[in-house]
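Report on one structure; see the data block that follows.
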Amino acid sequence: MKELLTSLPFQEMEPDTYKGDGRNLFCLRKGSEIYLYLMTPAWKDHDMLYVGPPEGGAGEYDAVVYDAWACRKVRSVTWKCGLVRPLGLPHFAAIVLKRKGGRR
């Protein structure tokens, strides 16, 4: 979890209320370049996640999935923009998304 906390520009990030409900799914973002999701087991759509800006678009994000309860990295994957179904998320998941290839 130290890797997660030291790798993000928290002072430049803002809440994304479009993607999170502020109770069971939280989302912070820096533009459309970096996203941090924090998800509890109570999140109603625990098996779905929207990747990228709300207006859509092309592109891919490097995603790192963490088990926030066990404080460990679970896996690293690449997801395309849009709705993804990341199977096997931990109950308390932290997910970092970073846009591949810079701004688009």
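The numbers here are math on the coordinates, done by the rules we state, and not lab data. Computed from a predicted model, the values in this text were never measured in an experiment. Note that we place each Cβ from the backbone using ideal geometry, even for glycine, and neighbour counts take in every protein chain shown.
A compact table of results
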item	result
Placed amide H near W69: partners under 5 Å, 5+ positions off or other chain	F92
Residue of V84, V74, V51 that the Gaussian network model of the chain assigns the largest fluctuation, springs spanning Cα pairs under 10 Å	V84
Alpha carbon Rg of the chain, scaled by the compact-globule rule 2.2 N^0.38 Å	0.98
Filtered trypsin sites (Lys or Arg not before Pro), the range 41-77: DSSP coil and at most 11 other beta carbons within 10 Å	K44
Net charge, Y61 excluded, C-beta distance under 10 Å - Lys, Arg +1, Asp, Glu -1	+1
Pairwise Lys count, the chain - Cα closer than 21 Å, eight or more residues apart or different chains	15
